[in-house]
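Here the structure is laid out as structure tokens; the discussion comes afterwards.
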Amino acid sequence: MKIIKNLQTKKITRSKISLEENKENFDFHNSNSKNLLNSNFLKKYNLLDKKEISKIENPEKKNSEKTKMVIRDKIFKVTTKTSKTDLKEKNEKITDKEKNKSIEKILDIVDNLKKEKNSLQENKEKEQEENLLSISDTSLEKENKKPNTNMNTNSKSISLDSNFISQERRNYLKNQKKENLKITLKNYSEKQNEILIRNYGSKIYHFMNDMDETIKIPVDFLERHEINVDIRTKMIDWMVEVLAVYNCSTETYFLSVFILDFFIFKSPEIIKSAEIHCIGLTSMFIATKFEDLYPIKIGHIIYRIGHNIFEEEQILSMERKILETISFENFIRTSTNEFIKTYFYDFRHNNRQAVEDFNVEEDINKCENLAVYFAKLSCYYDDFYEYSYDLKAIVCIIASFDTYRNTGNIIKNKNGHTFFMDWVYFLIKESEYSKDKINDAYKKLIFMYENYNNIPMISYNLDKYHKI
């Protein structure tokens, strides 16, 4: 009986132990708390790896890793901020370096340009000295001091005899210091023009003559229309005022007159005097777009110049009508003004040394301005279309020289006076026109000049806006 009891007690104890073990197993699988984990029990049944065992044995490691991560994040943020500022500073330093490099490059370029200028100045000075040394010391008498006419007549250019240069001028050029020699924009443009004239001067002049012969307006172009001659002259006088007030170029005036007269000549319809106002207004509107950098706007044409007489549609329709009638090809043409500029520029260019020696630059400019005045005056008279633009330009130059002398503006330097007069005679001799034809055109122009104040129905705007 005792044996049975002992066995029973042992069974009970074993069952208790198994229950407790099962309880512990149950709690292990169902609970997440670290307190229920017993390392001895887990080791006993080989339920953990070495890594997990180390985590269980020192549970503070996980917390320490979290703190480390937080600290790392904070350090990263701080470092990123500092790195951004460092990058900005580095970029600024790089840009400063680049700026300094670019400035140094610019300064180097400027220095090179200065050196080139100085070398050009030295070469110029050497050329002048060589030219002056080549000139003989013997000087001609005053009667023999004339422009050299041994030249190609087609180019219409004049070259000065070397003996015109005085000994004082030679010594001055020899003793001139390098510091005073400066290359200016004017000298550069003169050099470029010299190259252009040398290569294309004669071609340009022949092209101008060809255009002068192809586009011609007959003297009787008004007879077919119902237009009064006085109304046409009044329109041209008004053009002088309008284009002067709006600071238009001189060539704009000549082109405006050409468009007006050529449209009347080419128009298949009969034009009345009442239509001249609209045609003249539109002619100026077209011409200013061809010749001026800042053309007159259509708003000014309608409101300020036209005084609201015409609407915008009327001006634009007239513009289309004029362009269709004239055709764009005929806008490539010459004028009296262009021939006058060509002759005077050619005279200055080929005789610039004499112009300096005789001190006649101011007198030449005044004569040129007076010649342009005569060219503008010739546009008032429709019968002056009898002559070509080239002939009118020569006649205007002769008239300007004569009126300049007759008004008391005598050139102070006698040599300069004779030299300028010889150039005018040279133009007459070398021109393609007979002396009788030149004389006839000259007399007609002087008659216009003397009777200008007797022209009816005009405001005499030429004297107001073109100062002689």
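The values are calculated or read from the model by the stated rules, or taken from the named source; none is laboratory data. Please read these numbers as outputs of a predicted model, since none were measured by experiment. In this analysis, Cβ positions are derived from the backbone assuming ideal geometry, glycine residues included, and neighbour counts consider all displayed protein chains.
Miscellaneous remarks
- Applying a threshold of 7 Å to beta carbon distances and a minimum spacing of six or more residues, or different chains, the list of pairs starting in the stretch 280-308 at a residue that is of a type in the set (D, E) and ending at one that is in a helix (DSSP H, G or I) reads E291/E251; E291/T252; E291/L255; D292/T252.
- Selection status of G299, among the small types (G, A, S), surrounded by fewer than 16 Cβ atoms within 10 Å (Cβ to Cβ) and on the phi < 0 side of the Ramachandran plot: yes
- Of all residues in the stretch 453-464, those that are within 40 Å of the chain's Cα centre (by Cα) and surrounded by 15 or more Cβ atoms within 10 Å (Cβ to Cβ) total 3.
- Residue that is modelled with the lowest pLDDT, among those in the stretch 430-462 that are of a type in the set (D, E, K, R) and closer than 17 Å to A399 by Cα: K435
- Candidates F384, F358: the one that is within 19 Å of N439 (Cα to Cα) and hydrophobic (A, V, I, L, M, F, W, C) is F384.
- Qualifying positions in the stretch 301-311 - closer than 21 Å to L243 by Cβ and either in contact with a helix residue (DSSP H, G or I) (Cβ under 8 Å, 6 or more places away or on another chain) or not in a helix (DSSP H, G or I) (or both): I301, I302, I305, G306, H307, N308, I309, F310
- Some residue of the stretch 358-375 being more than 23 Å from K467 (Cβ to Cβ) and assigned to a helix (DSSP H, G or I): yes
- Selection count where residues are touching a Leu at 6+ places or on another chain (Cβ under 6 Å) and surrounded by fewer than 16 Cβ atoms within 10 Å (Cβ to Cβ), scope the stretch 238-282: 0
- Residue match in the stretch 386-395 (condition: out of contact with any Asp or Glu (no Cβ under 7 Å at 6 or more places or on another chain) and within 21 Å of N351 (Cα to Cα)): yes
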